[in-house]
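**Q** The following block contains the structure, expressed as structure tokens.
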Ligand SMILES: Nc1ncnc2c1ncn2[C@@H]1O[C@H](COP(=O)(O)OP(=O)(O)OP(=O)(O)O)[C@@H](O)[C@H]1O
Ligand SMILES: [Mg+2]
């Protein structure tokens, strides 16, 4: 073991004159999990894409097993045994699951595609990932973000590569799927695969990585042996200063109910959901992937058809047929899938943020100045790292894109804010800012629903937690009951409480 | 250090946004080539002639830009133009060909265009039929109606004042005139530019063309915006109908508007608007239309066989898209 199979030396990279990587060197050994952490926009994805041939460095050398390589495209990297799981899902929505898994490496029988074997092999790989219930013949677009992520992982694994790059693979997964993934990573490690693991979840990095490299503003600021460094030390290395407690003090909710939902049904997804939300409250929704949390939220926002159910806002019954109704009533929803639902990638930052609230900036024509000054407020507030506000969002790093979606969602000045995976792909520093923001937001007599696959987030942030399982709300946890064990017991159905 | 400045210049060339300015660069280059090939090209009268000729398809292309940016297409514009023109002439003749008749015909033509656009929009959005198919259908329907009403012949206006609209000129100095179609085209271009870049509607058009789901998640009424784009293109068709039918004082049921859809789409695409939707601009379409006009004119001046003009046009379209293809 301990054989260096990948060596990147003094990598520099600039995008039309803006340099994002400075003399970065990194090594990968066989049978080793190499963590890569850093703030949003630090250059992690860029570095990984260079190694996998998706981008070309401006200067620097890459060696594989001692031999210098010069990848012009991902195919060349693939031939040398490099596979990458992208942070932004890179799947073809219109194709089926198995077609995605075997895209570009289809099995052929004479001149025809060998569908049967591909479907069979897909089943096996998905089973290895504990995802037997994903049908290889399902259309990609019908899968939830987490399932898509699992397919993306399946695709990379199917290549049997020597070097496997995972760019925030767990940002959309719950503990349960994460555990399965970790088991798989350990197996791959045994087989001598070299794995690069990018994540903002330091706990995971501690758990699965052997060594970790910290990037800050495009430079390597440290390389650590994971066994003798603490999470706090890593966090401090990332942001370059001390970081205190992540979670703000939990706010005191009032007795006044702001939102009440009675017997809401979404066929196949949500069954008789009823709950109350109080002013000043942060209500968490926990559950496994596919438990129906997103569908419930979308139904509340008018983005999904509900067959029955009543919604009361401030005691008054309201009709929400489409998102515009919800918006008018002051309900705002942050979608889970930022690339598909949250952003117009061809548009710049300003236009994305104000897309949902243009009427505020328009008399007859759009007041460009007002729009820009509002966008720069958000840039300050959430520390959006960009060249300027007119940069197309497709060129932002994943975490910074997420900040744009969050800004957009606040543009409607909601009284009820529904956040579906609000900190997906966001670094600790900004997470901290977002948590502070949520706490401040509900203090003004508003309320917030947080759906998150990160249990720590739910536990640290929420006054009350509803656990969903297979479309039903199976538990309500308050105060001391809000802890990991309880949530997992209810989420997996080991414990059940009639609600 | 000459070497360094050379590198700087090449970098500068590399960093130009070809997707956007490619059409302008092509236009300038073509302009110079045409002038060198035949100096007659630079005569003001010739230039005015080119501009007048492109105003017709150009005006339709302006409307087409909205539809294409929103992710749609309208193939029916050519036959729609013949239909609206023909019906306007019928109205003029019915009411005796005086000023009042002309005003009535214009109102009727405009209203008809809005109605037709609304119809296409409804078929595409509520009927959920792909725009290509839907407008392939309406294209056949309109042409057939035009032929039927004229019995395969010509619509001839009895009015002596109608030609003054499309054939009109505004004098500029002693011997220089600007034809009304040119003025209409440029004023309309400015208006379209403002609508596309500075209004909510315009912003929504881009958003829908780029990512329709994200538009829905931004509380945008997607169907309504799409329908309006089809109304805009139909209204543009009406303007062209008015300019052309009045200039000729007649509409041929067999040949009026034939091939306009292809020229209009070509102008939009040469101008840098993406057929996939979500990206594009009005001035690009203006440049695209002028490029097509210059090519026709240049080939005429050089006595190239008219049969070959299509080949040249085709090459320019392919070339333009190649230059504009996004570089990373
Ligand atoms: N194609 C591109 N064009 C221009 N700038 C880019 C492009 N891709 C990335 N960038 C910029 O490079 C910087 C690094 O981005 P990168 O995606 O590598 O960050 P990251 O460390 O992965 O961040 P995150 O944690 O948010 O995913 C960012 O400032 C980003 O805006
Ligand atoms: Mg990244």
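Derivation of every value follows stated rules applied to the coordinates shown; laboratory data play no part. What you see is a predicted model, and the numbers here were worked out from it, not measured in a lab. Backbone-built Cβ (ideal geometry, glycine too); neighbour counts: all protein chains shown.
**Q** How high is the relative contact order of chain A, given as a whole-number percent (alpha carbon pairs under 8 Å, six or more residues apart)?
**A** Numbers: 1022 pairs, mean separation 80.0, N = 499.
The normalised contact order for chain A reaches 16 percent.
**Q** Something else about it: Working from Cα positions, state the angle (0 to 90°, nearest 10) between the long axis of helix A:175-190 and the longest principal axis of chain A.
**A** The two axes meet at around 10 degrees.
**Q** Another question, if that's okay. Listing A:199, B:252 from the residue with the fewest other Cβ atoms within 10 Å to the one with the most, what is the order?
**A** Ranking A:199, B:252 by Cβ neighbours within 10 Å, fewest first, gives B:252, A:199.
**Q** Taking 7 Å along the Cα-to-C-beta vector as the label spot, tell me the residue B:178-residue B:160 distance in nanometres, rounded to one decimal.
**A** So the two model labels end up 3.0 nm from each other.
**Q** Summarise the partner chain shielding of A:407-416 as one whole number: the mean count of Cβ atoms from other chains within 10 Å of each residue's Cβ.
**A** On the way: counts 0, 3, 2, 0, 1, 2, 0, 0, 0, 0.
Shielding by partners across A:407-416 averages 1.
**Q** Got the relative contact order for segment A:14-106 handy, in percent, Cα pairs under 8 Å and 6 or more residues apart?
**A** Relative contact order comes out at 18 percent.
**Q** To continue, here is another question. For segment A:257-491, rounded, prolate or oblate, judged on the Cα gyration tensor with a ≥ b ≥ c (square roots of eigenvalues), a/c < 1.5 rounded, else prolate if a/b > b/c?
**A** Judged from the Cα gyration tensor, segment A:257-491 comes out prolate (a/c at least 1.5, a/b above b/c).
**Q** Using only Cα atoms and rounding to the nearest 10 degrees, what angle (0 to 90) does helix A:428-443 make with the longest principal axis of chain A?
**A** The answer is roughly 0 degrees.
**Q** What ranking do B:125, B:240 get, fewest neighbouring Cβ atoms within 10 angstrom at the top?
**A** Working: B:125 19, B:240 32.
Lowest count first: B:125, B:240.
**Q** Moving on to the next point. For a quick check, take a GNM of chain B with Cα springs below 10 Å and name the residue from B:293, B:115, B:35 with the largest mean-square fluctuation.
**A** B:35
**Q** Could I have the simple spin-label model distance between residue A:79 and residue B:20, label points 7 Å from Cα toward Cβ, reported in nm to one decimal?
**A** According to this spin-label approximation, the distance is 3.8 nm.
**Q** As an exercise, use a Förster radius of 45 Å and the Cβ-Cβ distance of residue A:444 and residue A:233 to find the FRET efficiency, rounded to the nearest 0.05.
**A** After rounding to 0.05, the efficiency reads 0.80.
**Q** Also, I was wondering about something else. What is the distance, in nm, between label points placed 7 Å from the Cα along the Cα-to-Cβ direction at residue A:276 and at residue B:33?
**A** Spacing of the two 7 Å Cα→Cβ label points: 7.6 nm.
**Q** So what's the angle, to the nearest 10 degrees on a 0 to 90 scale, between helix A:145-157 and the longest Cα principal axis of chain A?
**A** Helix A:145-157 sits at roughly 10 degrees to that axis.
**Q** Tell me, what is the FRET efficiency for residue A:268 and residue A:159 to the nearest 0.05, using R0 = 30 angstrom and their Cβ-Cβ distance as r?
**A** Once the sixth-power term is evaluated, E becomes 0.35.
**Q** Fully extended, how many nm does the chain gain between residue A:183 and residue A:252 (0.36 nm per residue separation, minus their Cα-Cα distance)?
**A** Working it through step by step, the gained length comes to 20.8 nm.
**Q** Quick one: order A:289, A:18 by neighbouring beta-carbon count within 10 Å, fewest to most.
**A** Ranked by crowding around the Cβ, least crowded first: A:18, A:289.
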